[in-house]
1. For the range 64-91, which positions are free of Cβ contacts under 8 Å to residues at least 40 places away in the same chain and among the acidic types (Asp, Glu)?
2. What helices (runs of 4 or more DSSP H), lying completely within the chain, carry at least 3 residues that are under 19 Å from the mean Cα position of the chain (by Cα), modelled with pLDDT under 95 and surrounded by 14 or more Cβ atoms within 10 Å (Cβ to Cβ)?
3. Could you list, in sequence order, all residues of the range 28-78 that are among the charged types (D, E, K, R) and touching a helix residue (DSSP H, G or I) at 6+ places or on another chain (Cβ under 6 Å)?
Amino acid sequence: MTKYVGLLALGLTLLVGSVARAQFPILDQAVEKVVQRYQGSTCEQLWEQRSKPKSAQEQELVRLLRTDAQMRTAFLGKIAAPVANKMFECGMIP
């Protein structure tokens, strides 16, 4: 019986993960782009990028994230660790 409960829990976890990914397909592309930018940039490049104006695509993403709390939560949940680690390494956060 315990085996079946474990399999059911695993199945539900996979289903919820799939639904979350299917909800925001564009979000996954944006997350990948942001994470790659932070991981592939030097600290100097990141400091320079902070002072430049955002592209139209970035502004649209920010607008979407401000209006959709569920999407914002998903986005921040995915980028928080890699972006915060890089910012910490670069002295952008204490």
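The values are calculated or read from the model by the stated rules, or taken from the named source; none is laboratory data. No experiment lies behind these values; they were computed from the predicted model shown. Heads up, the Cβs are rebuilt from the backbone with ideal geometry, glycines too, and the neighbour counts pull from every protein chain shown.
1. Listed by number, the list holds a single entry, Asp68.
2. In the chain, the matching helices (runs of 4 or more DSSP H) lie at 25-40, 56-67, 69-89.
3. If the condition is that a residue be among the charged types (D, E, K, R) and touching a helix residue (DSSP H, G or I) at 6+ places or on another chain (Cβ under 6 Å), then Arg72, Lys78 are the ones that fit.
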